[in-house]
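> Take a look at this one; I'll ask things after.
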Amino acid sequence: MISHSQVQDQRGQWRGGIGFSRLPIGYFTLTLAGEITDVDWTPDPYDAELRGTVTTTRGSLTFSALVQNDTGALLISTRPTPGEESAAWSFQWLRAATTRSSGKPADYTPNPDPRVGDGFVEQPLLAGGGWSIAWRERSEGTGRLLAAHLVYRFPGQVTEATDEALRAVDRTLTVGPEKLVDRHRRWWHAYYRRSFLSVPDKRLQSFYLIQLYKLAASTRAEGPTISEWGPWFPEIGNNWTAVWWNLNVQIGMAPIHGSNHPELDSVTNAFRRFEHNLPASVPAEYRAGESYALGHPSDWQLRAGDTYDVGAPGSDHISDNFGNLTWALHNVWQSYRHSMDLGALRDVVYPILARAINFYAHFLHEGPDGGALDHGPHRRTGRARAPAALAGLRSGPDHGHPATRWHGGDHTARRASPGAGSARRAVERDLDALGSAGLTETCARVPFRFVRPERRPV
């Protein structure tokens, strides 16, 4: 199977899981002369490579396969024995349609069939753009080398993606596999050295290494954040077609800090690059340029769909999405605390957190005990209906209280006040209002506190 984290639909008129759904691409098939009698293959996480042998009634074929680290090229080397010299690769495309069935609109139509050419498949999207996959084989002594590239374009012309994919294949074969494989292995070996850990339980240590492999195979700081399937998107039977921000990203990305891998921090970069998409998840009547939310499922650019928002307490539309943004920002906060990069604090945590809390402030008022933060009538909280610190937040330990707790006190607002203009003034206005109601101290019932940001230069 060929999968790519950027390959998705671009029809924002529907909710993210459909409109921005990841899409199937296709797969390579190796046709052999004989019937397969045995397959022996082993993934090697240290080299990030798959190696093995396929035995048939006519002979055997050894192979190695990898996705080259810095170019994204798929490289498959095959070495047949006599009887299997004719082994050949072919590509089968899959229909470019969402695999999600939940909430699928009646007027949904798949994207058109691709254009198939000599050594490429060009897949257009109804919304414009699309992707192309190109490949070519060449002889190498007694074996053969397959090189393939996938290029996604949106916005843009899918024909441009085809031209670029074909050029990328030519470059790969011109450079030579030895240099590419050497660069690939050197990156992965250095990656594991930065997080080396030895424990007596070798099964546990192997599990740790496998998780490190899956993390680096799934995301990089400059690329899409981790999605439900990472790069292993299945062909059928899959409702998890986008990015889920109510638990999955937050816990999936958590290991990068303790394992010493800031180069995988795609969450911070997602908010740095795509902050402008967050107002779309806020109900229209609460936007006014000063409130942010994050609905799910979204795509890796934080778009949950043009017509979807997280709703509001007391309305006909309520969701379990209220805590998504503050919880995701906790990952960014952790990145700051591990790196002490003031840019992440100044440019990402503070301005986005200020507007996230500003959205909450619309629904907070003095509670019946005279000091607790309350949100009025109980509304949906995700996995259960129960009182929560803020409207719509889960009351359990995974999504509710921590999402409102970490940014209280000294942790964020006070340290991250870099003079962020209107965002700071909006938060200070809300702090004044809440302070006058006696709500600035941590209340006994809810572990949440507002603290006025200090006015100080950075």
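> For the list (1) without any contact (Cβ under 8 Å) to a residue 24 or more places away in the chain; (2) surrounded by 14 or more Cβ atoms within 10 Å (Cβ to Cβ); (3) not aliphatic (A, V, I, L, M), I need the number of the one condition that PRO24 fails.
Result: PRO24 passes all but (1).
> Given the conditions (1) touching a Pro at 6+ places or on another chain (Cβ under 6 Å); (2) farther than 22 Å from ASN331 by Cβ, which single one is not true for ASN239?
That leaves (1) as the condition not met.
> For the stretch 279-294, enumerate the residues that are more than 15 Å from PHE363 (Cβ to Cβ) and in contact with a strand residue (DSSP E or B) (Cβ under 9 Å, 6 or more places away or on another chain).
Scanning the stretch 279-294 gives a single hit, SER281.
> Moving on to the next point. I'm trying to understand the selection: among the residues of the stretch 95-144, which are at pLDDT below 95 and either open to solvent by less than 20 Å² (accessible area, probe 1.4 Å) or among the aromatic types (Phe, Trp, Tyr) (or both)?
Answer for the stretch 95-144, where residues must be at pLDDT below 95 and either open to solvent by less than 20 Å² (accessible area, probe 1.4 Å) or among the aromatic types (Phe, Trp, Tyr) (or both): just GLY143.
> Any residue in the stretch 344-357 that's among the basic types (Lys, Arg): show its pairings with residues that are modelled with pLDDT of 90 or more and open to solvent by 10 Å² or more (accessible area, probe 1.4 Å) at Cβ separation under 7 Å, as long as the two are six or more apart or on different chains.
ARG355/TYR292
> Ok, one more. Return the residue satisfying two criteria in turn: it lies in the stretch 39-81 and is touching a helix residue (DSSP H, G or I) at 6+ places or on another chain (Cβ under 9 Å) and among the small types (Gly, Ala, Ser), and of such residues it is farthest from TYR191 (Cα to Cα). Walk me through it before giving the result.
The first filter runs over the stretch 39-81 and keeps only residues touching a helix residue (DSSP H, G or I) at 6+ places or on another chain (Cβ under 9 Å), leaving 43, 45-49, 64, 66-73, 75, 77.
Still in the list and also among the small types (Gly, Ala, Ser): 48, 64, 72-73, 77.
Working: ALA48: 11, SER64: 21, GLY72: 17, ALA73: 19, SER77: 24 Å.
Here the answer is SER77.
> Can I ask one more? So which residues in the stretch 189-215 are of a type in the set (Phe, Trp, Tyr) and assigned to a helix (DSSP H, G or I)? Step through it out loud before you land on a result.
Restricting attention to the stretch 189-215, the residues satisfying the condition of being of a type in the set (Phe, Trp, Tyr) are 191-192, 196, 207-208, 213.
Of everything in the stretch 189-215, those that are of a type in the set (Phe, Trp, Tyr) and assigned to a helix (DSSP H, G or I) turn out to be TYR191, TYR192, PHE207, TYR208, TYR213.
> How many residues are within 14 Å of ALA48 (Cβ to Cβ) and surrounded by 12 or more Cβ atoms within 10 Å (Cβ to Cβ) when one looks only at the stretch 188-210?
Going through the stretch 188-210 one residue at a time, the tally reaches 6.
> Could you give every pair whose Cβ atoms fall below 8 Å, whose first residue belongs to the stretch 141-158 and is of a type in the set (Ser, Thr, Tyr), and whose second residue is surrounded by 21 or more Cβ atoms within 10 Å (Cβ to Cβ), counting only separations of at least 6 or pairs across chains?
Between residues of the stretch 141-158 that are of a type in the set (Ser, Thr, Tyr) and residues that are surrounded by 21 or more Cβ atoms within 10 Å (Cβ to Cβ), the close pairs are THR142/PRO80; TYR152/VAL7; TYR152/GLY130; TYR152/TRP131; TYR152/ALA161.
> Could you tell me which numbered condition LYS214 fails, if it satisfies all but one of (1) within 14 Å of PRO45 (Cβ to Cβ); (2) open to solvent by less than 80 Å² (accessible area, probe 1.4 Å)?
So LYS214 meets the others, but not (2).
> Looking at THR326, is it modelled with pLDDT under 95, part of a helix (DSSP H, G or I) and among the hydroxyl-bearing types (Ser, Thr, Tyr)? If you could, list the steps in order and put the result at the bottom.
Numbers: modelled with pLDDT under 95: yes; part of a helix (DSSP H, G or I): yes; among the hydroxyl-bearing types (Ser, Thr, Tyr): yes.
Here the answer is yes, as THR326 does meet what is asked.
> Give the residues of the stretch 262-278 that are in contact (Cβ under 8 Å) with a residue 40 or more places away in the chain and either touching a Ser or Thr at 6+ places or on another chain (Cβ under 6 Å) or open to solvent by 10 Å² or more (accessible area, probe 1.4 Å) (or both), sorted by residue number.
Taking the stretch 262-278 as the starting set, the residues that turn out to be in contact (Cβ under 8 Å) with a residue 40 or more places away in the chain are 262-272, 275, 278.
The answer is PRO262, GLU263, LEU264, ASP265, SER266, VAL267, THR268, ASN269, ALA270, ARG272, GLU275.
> Suppose we keep only residues that are of a type in the set (A, V, I, L, M, F, W, C) and open to solvent by less than 60 Å² (accessible area, probe 1.4 Å) within the stretch 151-165. Which one would you say is farthest from SER3 (Cα to Cα)? If you could, list the steps in order and put the result at the bottom.
Applying the first criterion (of a type in the set (A, V, I, L, M, F, W, C)) to the stretch 151-165 yields 151, 154, 158, 161, 165.
Right, trim to open to solvent by less than 60 Å² (accessible area, probe 1.4 Å) and you get 151, 158, 161, 165.
Values: VAL151: 12, VAL158: 18, ALA161: 16, ALA165: 15 Å.
My answer is VAL158.
Okay, residues lined up against (1) open to solvent by less than 10 Å² (accessible area, probe 1.4 Å); (2) more than 19 Å from ASP341 (Cβ to Cβ); (3) not in a loop (DSSP other than H, G, I, E, B):
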| position | (1), (2), (3) |
| --- | --- |
| ILE256 | yes, no, yes |
| GLY295 | yes, yes, no |
| ARG303 | no, yes, no |
| ASP309 | no, yes, no |
| PRO313 | no, yes, no |
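> Report whether or not THR81 is farther than 21 Å from GLN10 by Cβ, open to solvent by 40 Å² or more (accessible area, probe 1.4 Å), at pLDDT 95 or above and hydroxyl-bearing (Ser, Thr, Tyr). Spell out how you get there, then give the answer.
Working: farther than 21 Å from GLN10 by Cβ: yes; open to solvent by 40 Å² or more (accessible area, probe 1.4 Å): yes; at pLDDT 95 or above: yes; hydroxyl-bearing (Ser, Thr, Tyr): yes.
It is true that THR81 is farther than 21 Å from GLN10 by Cβ, open to solvent by 40 Å² or more (accessible area, probe 1.4 Å), at pLDDT 95 or above and hydroxyl-bearing (Ser, Thr, Tyr).
The values are calculated or read from the model by the stated rules, or taken from the named source; none is laboratory data. Everything quoted here is computed from the prediction, not taken from an experiment. Cβ atoms come from the backbone with ideal geometry, glycine included; neighbour counts cover every protein chain shown. Heavy atoms of the whole protein, side chains included, go into the accessibility calculation; ligands, DNA and RNA do not. Shrake-Rupley method; radii C 1.70, N 1.55, O 1.52, S 1.80 Å.
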